[in-house]
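Structure record follows, encoded as structure tokens.
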Amino acid sequence: MTKTDRPLIVMKFGGTSVGNPERMQHVAELVASHAKEAEIAVVVSAMAGVTDMLIRAAKEASAGDRDGWKGVRQELARRHREVADRTLSPSEQAGVLPRLAEQVEHFENLCSGFSLVREVTPRAMDTLSSLGEVMSSLLLAAILRSQGYPAEAVDARDLIVTDEKFGNATPLFKETNVKARQHLSRLRRKGAIGVITGFRGATRDGVCTTLGRGGSDYSATIIGSALDARETWIWTDVDGVMTADPRLVANARIIPEISYQEAIELSFFGAKVLHPKTIQPVTERNIPVWIKNTFNPACPGTRIGSIRGDRARGVKAITSVSKADLLTLSAKGNLAFAQLAAKAFTALSTEEVDSLMVTQSSADNLLCFGVRDRDLKSVKALLEKVFELEMLHDQRVSIEVMPQVAIVVMIGENMKGTPGLAGRAFSALGKRGINLIAIAQGSSEISISFAVKATDVKDAVQAIHDEFEL
Ligand code: ADP
Ligand code: ASP
Ligand code: MG
């Protein structure tokens, strides 16, 4: 096979996969072993724990703590230096150590600025929180070169163009596709492997942005789509997408194949294995995404894509959002239900807040919906504002909050047309004495959601997992 007719695969490695010198070395070997039959572009996360550490340091500095971040500075330098010491040839060390030191200095300058002004803007936070990706990409590229593979670290600020929503930016795909292709084709012509920083991008003006926590998965599919890759592989620390969160259900099993739509639902409802927006860039070009385990590369993992084989009927996986709240809006008098719902959802959409489930009783003029805990304060304030008048006038609208609930979601493309699934789930919960607070089924019938008390979430997920023998 010539260099040019090898298929292109984008491979993303998560934080635990590059968490220490041995793991980084192992990742470089994995990339090298596949580089024989495919052309590879790598996307890399920060080393495990680094992003959390950077964010914590910024917050401490902006709260006026002049010393907390200094400890983080040492740790940042130590962890990356240790990788360089243990994995790189002396000549690679000589090239990379000063570049790592530059990043540490950048960290120091930013934090000392935050502690002086006692503030950290979302924009400055994005530059700081994604420094870990810059450091790990420098190291991984150098390890590959030490092993004899031409490789170059690439800053995704030069590839991914985003809007200006710092902390949770959205790519501008047209511009990104042009930039990413131009920049990476130069490397591809040289036969070099690009080791691209996950998580970050930049605005049209070149200001650093991030794609939201866990965003390196998204970076991988953005790049995969821009380069029209044959596949995108997301290497992580589990064997694939599982029938439930393995931290909640000990006997959760790997699912060999799931559809794009199922993966979208799973990630939206909290399955941490995929950033919620990961699937969006690849569906149009029909690029399969594989989830694979760095620690068990022999396992084929999960294929996410158009379903090829037998379509299993019924429930495929269960997921949950364990920190949620239910809001109930009720209207009296002549305020029609449609008006109540229209006003409430228009308000949510202007703030880009997701509602996790919705139930209604048109006859009683009741609308109930679930939101993530982190959104509760802003949603409540928003509703109080849009219904201000109605609430003043004879209390025509009231808002009630039920805190500390969990939303449990059963997912399966082929739940459609399989009767009795909801009934089975509810009686399984009933047998365990778990009280159902609300139930909703999407009209696409790809998911059925229900709310339970947050303290019941583990039991509820396990009960349904057992009932459907997943
Ligand atoms: P990475 O650092 O590689 O991006 P993450 O920690 O973000 O890895 O995601 C992998 C983790 O997602 C797993 O270790 C697992 O605990 C969790 N997880 C939650 N739900 C699922 C699921 N349905 N299938 C697989 N893993 C899941
Ligand atoms: N390092 C970033 C985070 O921890 C992005 C990622 O790992 O996907 O959120
Ligand atoms: Mg992740």
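Okay, here's what the table says:
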read-out	value
Gyration tensor verdict on the range 100-174 (Cα atoms; rounded if a/c is under 1.5, prolate if a/b is larger than b/c, oblate otherwise)	oblate
In degrees, nearest ten, helix 90-117 long axis to first principal axis of the chain (Cα)	40
The range 367-373 - phi-based ³J(HN,Hα) in whole Hz, Karplus 6.51/-1.76/1.60, Gly and Pro as x	10, 10, 9, x, 10, 5, 3
Degrees, to the nearest 10: 421-431 long Cα axis against longest axis of the chain	80
Whole-Å distance, taken between Cα centres, linking the range 279-340 and the range 143-213	27
Cα radius of gyration and Dmax for the range 38-186 (Å)	16.5, 50
Span from the the range 25-74 Cα centroid across to the the range 4-19 one, whole angstrom	16
The range 40-47 - phi-based ³J(HN,Hα) in whole Hz, Karplus 6.51/-1.76/1.60, Gly and Pro as x	10, 10, 9, 10, 10, 8, 5, 4
The chain, accessible surface, carbon-and-sulfur percent (1.4 angstrom probe)	50
17 Å cut-off, amide nitrogen to a point 7 angstrom out along GLU352 Cα→Cβ, residues in the range 180-199	199
Acute angle (nearest 10 degrees) that the helix 50-62 long axis makes with the longest principal axis of the chain, alpha-carbon atoms	80
Inter-centroid distance (Cα atoms) of the range 365-389 relative to the range 415-470, Å	25
Quarter of Cα convex hull surface for the chain, i.e. mean projection, nm²	24.7
Positive-pole candidate from ALA142, SER129, VAL178, dipole of the range 63-182, charges at beta carbon	ALA142
5 angstrom amide H check on GLU257, placed H, neighbours 5+ away	ARG303
Translational D in µm²/s for the range 169-263 (Stokes-Einstein at 10 °C, 1.306 mPa s, Kirkwood Rh from C-alpha pairs)	102
Fraction of beta bridges assigned by DSSP in the chain that are antiparallel (%, nearest 5)	60
Estimated translational D of the range 233-347 in µm²/s (Stokes, Kirkwood radius over Cα pairs; 10 °C; 1.306 mPa s)	97
Per residue value of the accessible surface for the range 49-153 (all protein chains in place, 1.4 Å probe), Å²	45
Within the range 130-211, percent of DSSP bridges classed antiparallel, to nearest 5	45
Simple Cβ-charge dipole of the chain, Lys/Arg +1 and Asp/Glu -1, about Cα centre, in debye nearest 20	720
Partner aspartates and glutamates for LYS12 [C-alpha distance under 17 Å; skip if fewer than 8 residues away on the same chain]	GLU29, GLU39, GLU133, GLU152, ASP155, ASP217, ASP228, GLU231, ASP237, ASP239
Spherically averaged projected area of the range 31-117 from its Cα convex hull (nm²)	6.9
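The values are calculated or read from the model by the stated rules, or taken from the named source; none is laboratory data. Computed from a predicted model, the values in this text were never measured in an experiment. Neighbour counts are summed over all protein chains in view; Cβ atoms, including those assigned to glycine, are modelled from backbone coordinates with ideal geometry. With ligands, DNA and RNA removed, areas are computed over all heavy atoms of the protein, side chains included. Shrake-Rupley method; radii C 1.70, N 1.55, O 1.52, S 1.80 Å.
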